[in-house]
Amino acid sequence: AIAILRRLKTLGVRVAMDDFGAGYSSLSYLQSFPFDKIKIDQAFTRKLETNPESAAIVEAILNLSRTLKLPVIAEGVETQSQLDFLARAGCDEVQGYYFGRPMPARDFIALVSKEPPLAAIA
């Protein structure tokens, strides 16, 4: 799998390690393959407000990523409080239901094709 990923990278494909910190992800993968980005598993993001250990793990991942010069995206952001925590901790990108729910492609195209309100232009 690593050989195939390396070949894809030579073609210009960018590769992110998904669900970092959960399942089979490992720190050793960060050494064996030059990922372009890591994604913090939503299990940690969901518990930021209620579990100090989850918050500490997220901060540690963000600190590690800065040292390795790897951008990070946090999955599963559902509240303003989670977003605020991640912003304070220096997370590069976020995704989750706080920003929008999954929708059919045609609905998404309609959403992003709308003219912005005049107040947003000024």
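The values are calculated or read from the model by the stated rules, or taken from the named source; none is laboratory data. Since the structure is predicted, the reported quantities are computational estimates derived from the model, not experimental observations. These area figures cover heavy atoms from the full protein model, side chains too; ligands, DNA and RNA do not enter into them. Shrake-Rupley method; radii C 1.70, N 1.55, O 1.52, S 1.80 Å.
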Item to complete: Compare P71, P102, P52 in a GNM of the chain, Cα atoms joined below 10 Å, and give the one with the largest fluctuation.
Response: P102
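Grab the DSSP H runs of the chain that are 4 residues or longer, score each as -39,500 (n - 2.57), total them, divide by all residues and round the 222 nm result to the nearest 500 deg cm²/dmol. The partial results should precede the final answer.
Values: 7 runs with 60 residues, N = 122.
Calculated at 222 nm, the ellipticity per residue is -13500 deg cm²/dmol.
Rounded to the nearest whole Å², what accessible area per residue is found for the chain with the 1.4 Å probe?
Averaged over the residues of the chain, the accessible area is 68 Å².
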Worksheet entry | Residue-by-residue Karplus 3J(HN,Hα) for region 63-70, coefficients 6.51, -1.76, 1.60, Hz, glycine and proline x | 5, 4, 5, 5, 4, 7, 6, 10
Worksheet item: How about K69: which lysines have a C-alpha closer than 22 Å to its C-alpha, ignoring those fewer than 8 places off in the same chain?
Response: K9, K37, K39
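Would you mind telling me the share, in percent, of accessible area of the chain contributed by carbon and sulfur at probe 1.4 angstrom?
58 percent
May I ask you to derive the relative contact order of region 23-79, considering only C-alpha pairs under 8 Å and at least 6 residues apart, and to give it as an integer percent?
45 percent
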